[in-house]
Amino acid sequence: MYKDLEGKVVVITGSSTGLGKAMAIRFAMEKAKVVVNYRSKEEEANSVLEEIKKAGGEAIAVKADVTVESEVVDLVQSAIQHFGKLDVMINNAGLENPVPSHEMTLKDWNRVIDTNLTGAFIGSREAIKYFVENNVKGNVINMSSVHEKIPWPLFVHYAASKGGIKLMTQTLAMEYAPKGIRVNNIGPGAINTPINAEKFADPVQRADVESMIPMGYIGKPEEIAAVAAWLASSESSYVTGITLFADGGMTLYPSFQAGRG
Ligand code: BGC
């Protein structure tokens, strides 16, 4: 637990499910005030709120599609209006779907880029604008992936969005470091979330993915939420512009394990 997170206002995009949900619950456990954002599934967002309230935390749910600029502006504004300020913006909403690159339509491409990259840019921009105008040494955390580093056939849109996030984060980190605003990425590997549920329910596919992880297991959403809490806390006060990979070693060229090569 990080004492300084108590009372901090945290907006998490795409937090009605998956990694976003795990982070919402973790920040509530840290006694932060959480804005749970969802795009369409209000019931899921409400059940996250229930869980947070049961644990004695404070949260509201706000509907916004991160691909719609005005909705992201309103999302950040509702956090400020409801809780009086903003301290941490986590751009987590993301999509992925496999399509052979030569068959990928522009619609497929744009849907992923608009959500994963442009959505994270709008969220970052709105948070930073507030931090600059109000002299807040705020924190932006973007959800990247091991695929900001590892190429991923059938997911060219996804890999391009995460590669984009890497340099977007580094650029913003450099630009706003003099104001004490920190911007970092988390790079999860294979994590047990609904986005991967189908893949990991199949024992063959699961074992195949596990064989690509030196630590030998699929990560838990809580293991990503723990990284987010640390990056948002003052324990990481000198850290900016990084991607913190939490991937069980997936980015370490696992095919070289056991001295192969
Ligand atoms: C994706 C997962 C995938 C993992 C490792 C993540 O960014 O969301 O679906 O299993 O990368 O390839």
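Observations on the model:
- Taking first residues from segment 131-149 that are in contact (Cβ under 8 Å) with a residue 24 or more places away in the chain and partners that are acidic (Asp, Glu), the Cβ contacts under 6 Å between residues at least 6 apart in sequence or on separate chains come to Gly138/Asp87; Val146/Asp247.
- Checking each residue in segment 2-19 for being in contact (Cβ under 8 Å) with a residue 40 or more places away in the chain and either among the acidic types (Asp, Glu) or assigned to a loop (DSSP other than H, G, I, E, B) (or both) picks out Tyr2, Asp4, Lys8, Thr13, Gly14, Ser15, Ser16, Thr17.
- Being of a type in the set (A, V, I, L, M) and open to solvent by 40 Å² or more (accessible area, probe 1.4 Å) is a description that does not apply to Val62.
- Against the list (1) exposed (fewer than 14 other Cβ atoms within 10 Å of the Cβ); (2) within 13 Å of the ligand (Cβ to nearest atom); (3) of a type in the set (Val, Ile, Thr), the condition Ile224 fails is (1).
- Residues in segment 229-258 that are over 20 Å from Val146 (Cβ atoms), modelled with pLDDT of 95 or more and open to solvent by 30 Å² or more (accessible area, probe 1.4 Å): Ser234, Glu235, Ser237, Tyr238, Thr240.
Each row is one residue, and each column tells you yes or no for (1) touching a Leu at 6+ places or on another chain (Cβ under 7 Å); (2) not in a loop (DSSP other than H, G, I, E, B).
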residue: Lys21; (1), (2): no, yes
residue: Asn37; (1), (2): yes, yes
residue: Ser40; (1), (2): no, no
residue: Leu49; (1), (2): no, yes
residue: Leu95; (1), (2): no, no
residue: Val112; (1), (2): yes, yes
residue: Thr118; (1), (2): no, yes
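- Restricting segment 190-214 to residues that are farther than 17 Å from Lys149 by Cβ and part of a loop (DSSP other than H, G, I, E, B), the residue that is nearest to the ligand (Cβ to nearest atom) is Thr193.
- Single residue of segment 24-53 satisfying the filter (basic (Lys, Arg) and farther than 24 Å from Leu95 by Cβ) that is least open to solvent (accessible area, probe 1.4 Å): Lys33
- Check on Thr169, crowded, with 20+ Cβ neighbours inside 10 Å and under 22 Å from Tyr217 (Cβ atoms): no
- Summed over segment 122-150, the residues that are more than 14 Å from the ligand (Cβ to nearest atom) and either closer than 20 Å to Tyr38 by Cβ or under 11 Å from the mean Cα position of the chain (by Cα) (or both) give a count of 7.
- Selection status of Ala93, more than 24 Å from Lys166 (Cβ to Cβ), open to solvent by less than 30 Å² (accessible area, probe 1.4 Å), touching a residue at least 12 places away in the same chain (Cβ under 8 Å) and not hydroxyl-bearing (Ser, Thr, Tyr): no
- Out of Lys199, Lys179, sole residue that is open to solvent by 80 Å² or more (accessible area, probe 1.4 Å), free of Cβ contacts under 8 Å to residues at least 60 places away in the same chain and of a type in the set (Lys, Arg): Lys179
The values are calculated or read from the model by the stated rules, or taken from the named source; none is laboratory data. Remember, predicted model here, so these are calculated numbers, not experimental data. Cβ coordinates were reconstructed from backbone atoms using ideal geometry, including for glycine residues, and neighbour counts include every protein chain displayed. Note: areas computed on protein heavy atoms with side chains; ligands, DNA, RNA excluded. Shrake-Rupley method; radii C 1.70, N 1.55, O 1.52, S 1.80 Å.
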